[in-house]
Each structure stands twice: as structure tokens, then as C-alpha cells.
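Remarks on the structure that follows.
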Amino acid sequence: MLRRVSAIIGSAAFLVIAPGFVAGLAPWWISHWRMEAPFFGLPLVRFAGGLLLAIGIIILLDSFGRFALQGLGTPAPVFPTSSLVVTGLYRYVRNPMYVAVVSTILGQGLILGSARLIEYGGLVWLLFHLFVLVYEEPTLRASFGSEYKRFCTEVPRWIPRLTPWRSHTAA
């Protein structure tokens, strides 16, 4: 019980600190959330941005919850999960949190008509990609061995599968 409470508190704190900064404070610093003309002169682009933003927030909250409640840990590398999380949206894509953060940034860029936020979203994705390749995947391979290798074989890193992966442990 104490581990679960610690995981929830740790995940909530990390949610505010990391994605809160990268997908909230930094976009505000870049754009001051000022509306520019919509991209291509199409107000419908703003609607698409709203969808990206909303979906990103939902995915982010779901993923953080799974880390705390199922993995009994946090997304923070210093307090990792005790088990590999392969349920929920992790059945479609290996990195739903990173996809969600980039989605929220790009969504804000589309809503605001901000090319600088779109560029920032691309930079954030590139940095996430490098972090995943250099640190996260080698660490998870070392921690979870064949279970993680199978997960990587079945579930793509960035582009979601159309159907959920059904592992022996997924609910």
C-alpha cells in the first residue's frame, strides 16, 4: 500500500515537473499563448489542434496512472516501475507519454497558429527519440530482458499499431 501511495505521489509530482514544463510552461514562454492567423488561413486547423491537445492530455494522464498503479513506480528514471507496463495504450505504441507530450505541443501550435511551437514540438520529439535510443531502451532491456525484447518486437516505438498487442500479461 505504501509503495502504491508513493508511486502515485511521485508520478503526480513528475507529471507537473516534466510534462508540465515541456508541454505547458515552455510553450507559453515561446508563444505567450497569443493567437496568430490560422495555418493556411483555415480555422479548421485550430479545431484539429484542439483535438491533438485534448487527446494528448488524456493519453498523458492515462499513461502516468498506469505507471503508478500497475507498474508501482514513476516515469522518472530515478524511481522506475517494478514491472514492465504493457497495458492500455502501451499495447499500441511503446512511448505513449512522449507521443502525448509532443501532441499537446503541436496541438497548441495549431490552435495558436504558431510556427515556433510547431518547430519546438519537432525539437522535443527529436530529443525524446535520442533519449529513448541512448538511455531508455538499453535500460529497459537490462531491467526486463526477454519481456522487453518481445514488447519491442510487437509494439512500435512511435507510430501506433491499429490493433492492440495481446501479451501474456496485458489485461
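Some notes on this structure:
- PHE14 meets the conditions (1) touching a helix residue (DSSP H, G or I) at 6+ places or on another chain (Cβ under 7 Å); (2) open to solvent by 10 Å² or more (accessible area, probe 1.4 Å); (3) touching a residue at least 24 places away in the same chain (Cβ under 8 Å) in every case but one. The failed one is (1).
- Where a residue in the stretch 114-140 is more than 20 Å from ILE159 (Cα to Cα) and its partner, wherever it lies, is in a helix (DSSP H, G or I) and small (Gly, Ala, Ser), with Cβ under 8 Å and at least six apart: SER114/SER31; ALA115/GLY109; ARG116/SER31; ARG116/GLY109; LEU117/SER31; LEU117/GLY109
- Residue pairs whose Cβ atoms lie under 9 Å apart, separated by 6 or more positions or on different chains, with the first residue in the stretch 41-63 and part of a helix (DSSP H, G or I) and the second among the aromatic types (Phe, Trp, Tyr), are VAL45/PHE39; ARG46/PHE39; GLY49/PHE39; SER63/TYR90.
- Test: residue in the stretch 61-80 that is surrounded by fewer than 22 Cβ atoms within 10 Å (Cβ to Cβ) and at pLDDT 90 or above: yes
- Test result for THR153, modelled with pLDDT under 95 and of a type in the set (Val, Ile, Thr): no
- Filtered residue count, the stretch 20-40, keeping only those that are open to solvent by 50 Å² or more (accessible area, probe 1.4 Å), assigned to a helix (DSSP H, G or I) and among the aliphatic types (A, V, I, L, M): 1
Here's the yes/no breakdown for (1) over 14 Å from the mean Cα position of the chain (by Cα); (2) over 24 Å from ALA48 (Cα atoms):
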position: SER83; (1), (2): yes, yes
position: ASN95; (1), (2): no, no
position: ILE105; (1), (2): no, no
position: SER114; (1), (2): yes, no
position: LEU127; (1), (2): no, yes
position: LEU130; (1), (2): yes, yes
position: THR139; (1), (2): yes, yes
position: PRO160; (1), (2): no, no
position: ARG166; (1), (2): yes, yes
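- Among the residues of this structure, SER11 does not count as one that is at pLDDT below 85 and either under 17 Å from VAL124 (Cβ atoms) or part of a loop (DSSP other than H, G, I, E, B) (or both).
The values are calculated or read from the model by the stated rules, or taken from the named source; none is laboratory data. Given the structure is predicted, the values throughout are model-derived calculations rather than measurements. Note that each Cβ is placed from the backbone with ideal geometry, even for glycine, and that neighbours are counted across all protein chains shown. Ligands, DNA and RNA are excluded from the accessible area calculation, which covers all protein heavy atoms including side chains. Shrake-Rupley method; radii C 1.70, N 1.55, O 1.52, S 1.80 Å.
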